[in-house]
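> Got a structure for you, written out below as C-alpha cells; questions coming shortly.
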Amino acid sequence: MPDINRELLACLQCGYCMRVCPSYEETPWESITPRGKVYYLNQLSNRSPMDAILRRGVKVDDEFVEAVYKCTGCAQCETVCHVNIEFAEFWEKVREWLVDMGKGPLPVHKKLHDRIKETKNPYGEPAEKRGAWWPEEIPHSPRADAIFFAGCTASYRMQRIAKAGALVLHRAGVKLDIMGGEEWCCTSPALRTGQVDLTPEFAQHNIRQVETKGAKAMVMTCAGCFKTTSHDYGRYFSNPTFPVYHFTQYVAKLIKERKVKFTKELNVKITYHDPCHLGRHGGVFDEPREVLSKIPGVELVEMPRNRMGSRCCGAGGGYKSAFNDLAVNIAAKRVEEAVSTGAEILVTTCPFCVLNLEAGAKQIGSNIKVMDISELLLEVTEPEAKVPAAVPEKAKAATSA
C-alpha cells in the first residue's frame with residue numbers, strides 16, 4: 001500500500017464528497033466516489049494473511065482499478081472534506097501504486113505514456129512540427145524575456161491558442177523564443193495516471209533548455225503544463241531556476257506595467273471558467289479576472305459555481321482519454337451553466353478545457369462561443385491600421401506634371 005494511512009484513518013465517511021464529484025454525476029455508483037474508494041482501501045489495508053490464504057475479503061480487481069481512474073482529478077472533493085484530505089495527490093499516489101503492482105494504468109493511458117516516451121508528446125506527432133504554429137512576424141530573440149512553452153495540445157491540436165498567446169505578448173513588447181522541436185511534453189498526462197517514470201528526465205530536459213537559451217522566464221497558456229512545471233517538477237526532479245508564469249499571470253503583470261495597449265472595445269457579456277489545475281490546484285483565481293476586467297467593453301458575469309467551487313470541465317486526470325463520452329457530458333453541464341448567465345462568450349485559460357468545452361457546447365447545440373483568454377486579448381490588442389498621410393495639393397500637381 002502507498003503511504004496513505006493518515007488519510008485512510010482520517011476519512012469520516014461523511015459523503016460530502018459525493019455531491020460535488022463530477023464523475024459520480026455520470027456514473028452514480030458509490031464505489032467510484034472518494035468515500036467509496038477510501039472504504040475499499042481501508043478493507044484492503046486491514047486484510048490479514050489468513051484472509052489471503054482463505055481467499056476471502058476484498059482484492060485489487062479490475063472494477064476497483066477502473067473506479068480509481070474514473071476521476072478527473074479536479075479536487076472539488078477537497079473543498080468540502082471536513083478533515084482536509086488532499087485528494088488530488090492522494091489519488092495520484094494510489095494510481096502510482098497500481099502501476100507499480102502491474103494493475104494500472106488503463107490500456108489507453110499506457111499508450112499515451114509510450115507515445116510520450118517515443119515522440120515526446122501524447123499525440124505521436126513529429127518533433128519537427130512542434131513549432132510550426134510560430135507566427136512569422138515574431139523574431140526569435142536570443143536571451144529572451146520569456147520562453148513561450150506552448151504545450152502539446154496547443155502545439156498540435158489548438159495551434160490558434162499558441163499563436164494568439166505569443167502574438168499578444170509580442171504586441172506588448174515581450175522578447176520571445178520557443179524551444180521548437182526541443183520542447184518536450186511536461187508529462188502531465190502520464191503523471192496524472194500514476195506513470196511517474198518519465199517526469200525526472202523530461203523535467204531536466206525542459207529546464208535545461210530554458211537555462212541554455214538564457215531566457216528570464218517561462219510562460220504557458222496550458223493550466224496542466226503550469227501545474228506540472230511549477231509544482232510537480234520540484235517533487236520529481238527540482239524546481240526551475242527561473243520564474244514560471246501562467247499566461248494570465250504574465251499578462252496581468254504587463255497590464256500593471258502599462259505595456260498592453262487595448263485598441264478595440266468589444267461590448268460583450270462573458271463568463272469565465274476556472275481550469276482545475278490553474279484554480280483549485282494552482283491558486284490562480286484573481287489574475288484571469290483582473291485581465292478580463294481591463295478589456296474595454298467586457299462585462300464579466302460569474303457562473304454560480306466559480307473559483308474554489310468551480311465545476312470541472314471533465315477533461316483532466318486521464319478521464320477524457322479513457323471515458324470521452326462521460327467527459328463531454330460533464331463539459332455539457334458546465335456549458336449549460338455558462339449559458340444560464342446570459343453570456344455570449346465562455347472564456348477559459350487552458351487549451352484542453354477549450355477542447356472539451358467546445359465538445360460540450362456542440363453536444364447540447366449551444367451557440368455560446370468558447371475561447372481561450374489569449375484569443376480574446378488578440379482581438380482587442382490588434383494594432384490600429386495606419387492611415388496613409390494626405391498628399392498636399394501642390395505635391396499632387398507637381399507629380400502630375
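> Please work out which residue is nearest to M303 (Cα to Cα), limiting yourself to the range 247-288 and to residues that are basic (K, R) and in contact (Cβ under 8 Å) with a residue 12 or more places away in the chain.
The selected residue is K269.
Conditions (1) over 19 Å from K320 (Cα atoms); (2) at pLDDT 95 or above; (3) in a helix (DSSP H, G or I), marked per residue:
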site: C14; (1), (2), (3): yes, yes, no
site: C17; (1), (2), (3): yes, yes, yes
site: C74; (1), (2), (3): no, yes, no
site: E78; (1), (2), (3): yes, yes, yes
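Let's see how each residue does on (1) surrounded by fewer than 15 Cβ atoms within 10 Å (Cβ to Cβ); (2) touching a strand residue (DSSP E or B) at 6+ places or on another chain (Cβ under 7 Å):
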| residue | (1), (2) |
| --- | --- |
| G234 | yes, no |
| T263 | yes, no |
| L292 | no, yes |
| A315 | no, no |
| A322 | no, no |
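> Could you list, in sequence order, the residues of the range 214-232 that are buried (at least 18 other Cβ atoms within 10 Å of the Cβ) and either in a strand (DSSP E or B) or of a type in the set (D, E, K, R) (or both)?
M218, V219, M220, K227, D232
> Condition check: touching a Gly at 6+ places or on another chain (Cβ under 9 Å), in the same structural domain as F242 (by TED's automatic domain parsing) and touching a residue at least 12 places away in the same chain (Cβ under 8 Å). Does P142 satisfy that?
So P142 fits the description; yes.
> Quickly run through the range 368-385 and pick out the residues that are free of Cβ contacts under 8 Å to residues at least 40 places away in the same chain, under 16 Å from R334 (Cβ atoms) and not basic (K, R).
I368, V370, M371
> Considering only the range 339-369, how many residues are part of a loop (DSSP other than H, G, I, E, B) and not small (G, A, S)?
6
> Looking for whichever is at pLDDT 95 or above and within 16 Å of T349 (Cα to Cα) here; the options are G234, G214, G165, G180. Which one fits?
That would be G165, the only listed residue that is at pLDDT 95 or above and within 16 Å of T349 (Cα to Cα).
> OK, next. So if I check each of P243, P189, which one is within 21 Å of the chain's Cα centre (by Cα) and within 24 Å of F285 (Cβ to Cβ)?
Going through P243, P189 in turn, just one is within 21 Å of the chain's Cα centre (by Cα) and within 24 Å of F285 (Cβ to Cβ): P243.
> Residues to consider are F90, F64, F148; find the one that is assigned by TED's automatic domain parsing to the domain that holds R171, of a type outside the set (D, E), outside any loop (DSSP other than H, G, I, E, B) and surrounded by 15 or more Cβ atoms within 10 Å (Cβ to Cβ).
Answer to the check: F148.
> May I ask you to say which residue of A132, A190 is part of a helix (DSSP H, G or I) and of a type in the set (A, V, I, L, M)?
On inspection, the qualifying residue turns out to be A190.
> Does I161 meet the test of being more than 21 Å from R6 (Cα to Cα) and surrounded by 15 or more Cβ atoms within 10 Å (Cβ to Cβ)?
Spelling it out, I161 is indeed more than 21 Å from R6 (Cα to Cα) and surrounded by 15 or more Cβ atoms within 10 Å (Cβ to Cβ).
> Next up: So which residues in the range 114-129 are outside any loop (DSSP other than H, G, I, E, B) and either more than 20 Å from the chain's Cα centre (by Cα) or crowded, with 22+ Cβ neighbours inside 10 Å (or both), if there are any at all?
Matches in the range 114-129: D114, I116, K117, E118, T119, A127, E128, K129.
> So T241 passes all but one of these: (1) part of a loop (DSSP other than H, G, I, E, B); (2) among the polar types (S, T, N, Q); (3) in the same structural domain as S340 (by TED's automatic domain parsing). Which condition number does it fail?
T241 satisfies every listed condition except (3).
> Tell me which residues, restricted to the range 30-46, are under 20 Å from C313 (Cα atoms) and not β-branched (V, I, T).
Residue satisfying the conditions is P34 alone.
> Just the residues that are touching a helix residue (DSSP H, G or I) at 6+ places or on another chain (Cβ under 7 Å), small (G, A, S) and in a loop (DSSP other than H, G, I, E, B), please, taken from the range 151-186.
Result: G151, A172.
> Still on this structure, I have one more. Filtering the range 339-387 down to residues that are loosely packed, with under 15 Cβ neighbours inside 10 Å and of a type in the set (A, V, I, L, M), which residue is nearest to Y156 (Cα to Cα)?
Applying the filter and picking the extreme gives A385.
> Still on this structure, please answer the following. Filter the range 258-289 down to the residues that are under 17 Å from R305 (Cβ atoms) and either basic (K, R) or over 26 Å from the mean Cα position of the chain (by Cα) (or both) and list them by number.
Once the filter is applied, which keeps residues that are under 17 Å from R305 (Cβ atoms) and either basic (K, R) or over 26 Å from the mean Cα position of the chain (by Cα) (or both), the range 258-289 yields R280, R289.
> Would you check which residues across the range 288-330 are among the polar types (S, T, N, Q) and closer than 27 Å to K253 by Cβ and list them?
S293, N306, S310
The values are calculated or read from the model by the stated rules, or taken from the named source; none is laboratory data. Fair warning: this is a prediction, and the values are worked out from it, not measured in the lab. Here Cβ is always computed from backbone atoms with ideal geometry, including for glycine, and neighbour counts include all displayed protein chains.
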